[in-house]
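The values are calculated or read from the model by the stated rules, or taken from the named source; none is laboratory data. Everything numeric here is computed off the predicted structure, so don't read it as measured data. As a convention, Cβ positions derive from the backbone with ideal geometry for all residues, glycine included, and neighbour counts pool all protein chains shown. These accessible areas exclude ligands, DNA and RNA; they are computed on the full protein's heavy atoms, side chains included. Shrake-Rupley method; radii C 1.70, N 1.55, O 1.52, S 1.80 Å.
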Amino acid sequence: MNYFAHGRLFLDRPYFLAGTAVPDWLNVVDRKMRARSKGALPHCDANDPCMAEVARGVVQHHHDDDWFHRTKAFGELSWGFTVLIRDQVGADDGLRPSFLGHIVVELLLDAELALRNPGLLPAYYDALAQIEPTKVETAVNQIATRSSDRLAWFIERFLEVRFLEDYAEDEKLTLRLNQVLQRVKLPALPSGFAPLLPTMRSAVAERFDDLLCPEADSSH
């Protein structure tokens, strides 16, 4: 799952909402810094309500990821996209089709959620705008495997850039995917990738309900 799918149900709890985004924020801020459930659970009943809500949001993120990645819909879509990318773009140019197949499902699910729920993505950003980024940074530094002084800055940047809105357009989504690939030291996407996105969008739309229901296709 990506930011919007993780957080869309918690817009009335801004610090919990921030907690659901923390593991993904840290992938950008410091890839060696991890906010795991193990580190968050001891803080879920903290006296500081901000600390407790951020910790609970982190736990929710990992709970969601656990069932989401085990659904039949996610497995079939990510594998199907992997094969499509490998066959159409090629596997010998340094790309990782399986890496792309995985994250494209998640980003397109956010795009489909926004398309089906007009106004909800702006409300997501409005809810996050209610937090104090420095408070989240302080909380995360107690939860995570290491500390950072860049998280508050990145949260402000996240609210300013609003890159989740770019997932609706193929050209902008390709740009965002290239930024992800650059972070993990993979080469940029070739020109043959973008024409695949309409097919992949349709596939995610078709499996939309299955992707958002833990019981629908889960193995447990």
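So here's what we get for this one:
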| read-out | value |
| --- | --- |
| Hey, Arg56 at pLDDT 95 or above, touching a Pro at 6+ places or on another chain (Cβ under 9 Å) and open to solvent by 40 Å² or more (accessible area, probe 1.4 Å) or not | no |
| Flag for Arg70 being of a type outside the set (A, V, I, L, M), touching a Leu at 6+ places or on another chain (Cβ under 8 Å) and open to solvent by 20 Å² or more (accessible area, probe 1.4 Å) | no |
| Wholly enclosed helices (runs of 4 or more DSSP H) of region 112-220 bearing at least 2 residues more than 21 Å from His102 (Cβ to Cβ) | 120-128, 133-143, 151-161 |
| Output for region 155-173, where each listed residue is touching a residue at least 40 places away in the same chain (Cβ under 8 Å), under 17 Å from Ala5 (Cα atoms) and open to solvent by less than 50 Å² (accessible area, probe 1.4 Å) | Phe158, Leu164, Tyr167, Leu173 |
| Number of positions in region 184-198 that are modelled with pLDDT of 90 or more and loosely packed, with under 13 Cβ neighbours inside 10 Å | 2 |
| Residues of region 46-98 that turn out to be in a helix (DSSP H, G or I) and of a type in the set (D, E, K, R), as a count | 9 |
